[in-house]
Amino acid sequence: DVVLTQSPLSLSVTLGQTASISCRSTQSLVNSGGNTQLGWFHQRPGQSPRRLIYQVSNRDSGVPDRFSGSGSGTDFTLIITRVEAEDVGVYYCMQYRHWPHTFGQGTKLEIK
Amino acid sequence: EVQLVESGGGLVQPGGSLRLSCAASGLTLSNYWMSWIRQAPGKGLEWVAHLQPEGSGTWYVDSVKGRFTISRDNARNSLHLEMNSLSVEDTALYYCTTGGAQWGQGTQVIVSS
């Protein structure tokens, strides 16, 4: 199975500052069409996960442009600029290139 | 507005069975990859089963192969997960999702004697 390793596993950020989360894959996530099948999810305490980003850098509808994804091949990054209180929770990367689809361990974001 | 509403969870003894359901509104399930993803208490997310749109192609994580069956009822626009030979390791909140894009609120499955 593809293993996704996130770092850091926890993050404490001051309101208004920038948070960065890394996700590394044990295999390439590029499909035969040249698309990279990596997404990012946010789960607030007690809520269902919400997808933020798909195909590395495409924001889902309604996701603020403070969230951006980048990367290629096996190394990916989620950046959250101007962190707000509502951004707390756990962030997961997820690959959907290989079955079984797999998630990273999660990165817990808290406000300092 | 898209809504996915799971039901059917509960407390079951090891070796028992449960059938989870996911009722959809605002979208036609047969047009989407549909999945069940679970989250054990205090743990991360695990993709359990996957069903292709229109057809009947299915994929399962190894730990549930031969025990779980994902299916779709097009007439009722609903998704199901038949779970047999349940073990304590299957205890989790089970989410219905359109391949990760839209999620329900989850239904709790507790396997315990």
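Computed from the coordinates by the stated procedures, all read-outs in this text should not be read as laboratory data. Everything numeric in this text was worked out from a predicted model, so none of it was measured. Neighbour counts are summed over all protein chains in view; Cβ atoms, including those assigned to glycine, are modelled from backbone coordinates with ideal geometry.
Odds and ends about this structure:
- Spin-label proximity, B:A40 to segment A:67-105 - amide N less than 15 Å from point 7 Å beyond Cα toward beta carbon: A:103, A:105
- For the pair A:E84 and B:Q3, a Förster radius of 22 Å applied to the C-beta separation gives a FRET efficiency near 0.25, rounded to the nearest 0.05.
- Partner aspartates and glutamates for A:K112 [C-alpha distance under 15 Å; skip if fewer than 8 residues away on the same chain]: A:E84, A:E86, A:D87
- Average Cα contact separation per residue, chain B, under 8 Å, 6 or more apart, as relative contact order %: 37 percent
- Cα-based shape type of segment A:1-52, given that a ≥ b ≥ c are square roots of the gyration tensor eigenvalues and the cut on a/c is 1.5: prolate
- Normalised by the number of residues in chain A, the mean separation of alpha-carbon contacts (under 8 Å, six or more apart) gives a relative contact order of 39 percent.
- Counting only residues at least eight positions apart within a chain, or on another chain, the aspartates and glutamates with an alpha carbon under 13 Å from that of B:K65 are B:E82, B:D90.
- Between segment B:47-64 and segment A:57-107, the alpha-carbon center distance in angstrom: 24 Å
- Given R0 = 22 Å, the distance between the Cβ atoms of A:S61 and B:L27 translates into a calculated FRET efficiency of 0.95.
- With the cut-off at under 18 Å, measuring from each backbone N in segment B:56-86 to a point 7 Å along the Cα-to-Cβ line of B:L11 picks out B:86.
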